[in-house]
Amino acid sequence: MSDLQTIVLGGGCFWCTEAVYVKVRGVTDVESGYSNGHVQRPSYEQVCTGTTGHNEVVKLTYDPSQISVRQILEIFFVVHDPTTLNRQGNDSGTQYRSGIYYTTPEQKEEADGMIRQMSQDKLFGKPIVTEVLPLANYWPAEEYHQDFFEKNPHQGYCVAVAGPKVAKFRKTFADLVKD
């Protein structure tokens, strides 16, 4: 088994992003959290004010012998809108910004290269606003946020937003769905 790696992604509400990545083959752990802000140990309530600088994110631990960072990022760019600044659907604020927070130089190179190519190809019809930064000041979210979709599949937001993202992932990336 190869060494596990970590990458952190901000694609709007972490409930939705987590709901997708827990289903991805090769991803061994998914944790909802907050990153790249300036407050130590922020609470959900603090992050929601938009004043901590943190982004709602998921920290992915993955086995590069089973899934590549490119595949992880391909999923990321399909299940959220990387062209809306500080917004995903009805969720707005800097805590919902599109972000890739890398832990290795290879992850940064892959992210930058993919964004450059997608921009040249005008894949989204609008400029990509995803920030690509080194991971900084990461804190896990409160326990009640962990595995939220799995624990609350009938909750309104999960039905309306997370569920369709999971379905889109399953349809688009059937070969990467965990058995």
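Each reported figure results from applying straightforward, stated rules to the coordinates on display, with no laboratory input. None of these values were measured; they are calculated from a predicted model. In this analysis, Cβ positions are derived from the backbone assuming ideal geometry, glycine residues included, and neighbour counts consider all displayed protein chains.
For the residue pairs K108/K168; K59/K108; K23/K168; K23/K108; K23/K151, the C-alpha atoms sit more than 19 angstrom apart in K108/K168; K23/K108. Beta-bridge orientation, region 34-179: approximately 55 percent antiparallel, per DSSP, counting only bridges with both partners inside.
Helical content alone sets the calculated 222 nm signal of the chain at -8500 deg cm²/dmol, taking -39,500 (n - 2.57) per DSSP H segment of four or more residues and averaging over every residue. Each of L133, L85, L176 was scored by other Cβ atoms within 10 Å of its Cβ. Listed from fewest to most, they are L85, L133, L176.
Taking amide H positions as modeled 1.01 Å from N, with prolines and chain starts lacking one, the residues under 5 Å from V177 and 5 or more places away or on another chain are R25. In the distance distribution for the chain, Cα-Cα pairs more than 27 Å apart total 19 percent. Among K23, K168, K178, the ranking by other beta carbons within 10 Å of each residue's beta carbon, starting with the fewest, stands as K178, K168, K23. Full extension of the segment from E45 to T103, taken as 0.36 nm per residue of separation minus the current Cα-Cα distance, would add 18.2 nm.
Which one of A167, A111, A141 has the biggest mean-square fluctuation once the chain is modelled by GNM with Cα springs under 10 Å? Of the options given, A167 has the highest mean-square fluctuation. Taking the Cα centre of region 5-176 as origin and assigning +1 to Lys and Arg Cβ atoms and -1 to Asp and Glu Cβ atoms, the resulting dipole is close to 480 debye.
Suppose a student asked you for the relative contact order of region 5-176, using Cα pairs under 8 Å spaced at least 6 residues apart; what percent would you report? Write down the numbers at each step before the final one.
Numbers: 317 pairs, mean separation 56.1, N = 172.
Relative contact order here is 33 percent.
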